[in-house]
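Sharing a structure below in structure tokens format, with a few things to ask.
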């Protein structure tokens with residue numbers, strides 16, 4: 001089931017976020033940079049702000065199975081640009097359709113809002129996520145900077161369901 005995140009989900013979301021990030025940052029960053037107490041507190045605060053944000057600016061969606069948060073996605077529109085800011089699936093629930101269901105729910109929300117193009121940044125070493133996004137039509141825009149630091153920038157055309165490039 002996909003639903004809007006609630007403040008009571010914050011601990012579960014922060015823990016899931018930490019587990020998911022460890023899978024692609026391990027071996028590339030020091031553990032404290034993605035799983036230390038300061039970082040986990042920062043994640044939780046960021047998620048709290050996102051959950052509290054006005055509906056018109058974006059949303060945080062949770063995938064739930066058997067009463068447990070198994071995935072989370074967040075997006076936000078600022079300065080006329082909609083960005084998928086986060087999409088994480090608990091590693092224990094990979095390959096079960098959770099990410100695809102969250103992505104589909106985001107697409108539905110973007111279509112309802114009249115959004116025609118969405119941006120995201122994906123960590124350059126997160127090949128699993130890059131393959132997921134490519135399979136859902138996300139592409140680099142040759143007119144745009146292809147990366148920001150250690151992240152690749154991808155775009156998706158929502159209305160047509162085709163790549164933005």
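Could you please give the count of residues in the stretch 128-139 that are within 15 Å of the chain's Cα centre (by Cα) and either in a helix (DSSP H, G or I) or more than 15 Å from residue 87 (Cβ to Cβ) (or both)?
Going through the stretch 128-139 one residue at a time, the tally reaches 7.
Taking the stated definitions as given, is residue 101 over 19 Å from residue 19 (Cβ atoms) and surrounded by fewer than 21 Cβ atoms within 10 Å (Cβ to Cβ)?
Values: over 19 Å from residue 19 (Cβ atoms): no; surrounded by fewer than 21 Cβ atoms within 10 Å (Cβ to Cβ): yes.
No; evaluated as a whole, the condition is false for this residue.
Sticking with this one: Quick check on residue 143: is it out of contact with any helix residue (DSSP H, G or I) (no Cβ under 9 Å at 6 or more places or on another chain), surrounded by 13 or more Cβ atoms within 10 Å (Cβ to Cβ) and either over 20 Å from residue 6 (Cα atoms) or modelled with pLDDT of 95 or more (or both)? Give the steps one after another, and end with the answer.
Numbers: out of contact with any helix residue (DSSP H, G or I) (no Cβ under 9 Å at 6 or more places or on another chain): yes; surrounded by 13 or more Cβ atoms within 10 Å (Cβ to Cβ): no; either over 20 Å from residue 6 (Cα atoms) or modelled with pLDDT of 95 or more (or both): yes.
Criteria not met by residue 143.
Restricting to the stretch 64-81, give me the number of residues that are touching a strand residue (DSSP E or B) at 6+ places or on another chain (Cβ under 8 Å), touching a residue at least 40 places away in the same chain (Cβ under 8 Å) and over 18 Å from residue 130 (Cα atoms).
Residues flagged as touching a strand residue (DSSP E or B) at 6+ places or on another chain (Cβ under 8 Å), touching a residue at least 40 places away in the same chain (Cβ under 8 Å) and over 18 Å from residue 130 (Cα atoms) within the stretch 64-81 amount to 3.
In addition: What number of residues within the stretch 49-63 satisfy the criterion of being more than 21 Å from residue 129 (Cβ to Cβ) and buried (at least 16 other Cβ atoms within 10 Å of the Cβ)? Talk me through it step by step, then tell me what you get.
If we filter the stretch 49-63 for residues that are more than 21 Å from residue 129 (Cβ to Cβ), which is where we start, we get 49, 51-57.
Next, from what is left, pick out any that are buried (at least 16 other Cβ atoms within 10 Å of the Cβ): 51.
The number of residues fulfilling the criteria is 1.
The values are calculated or read from the model by the stated rules, or taken from the named source; none is laboratory data. Small disclaimer: the values here were computed from a predicted structure and weren't measured. Note: ideal-geometry Cβ built from the backbone for every residue, glycine included; neighbour counts use all protein chains shown.
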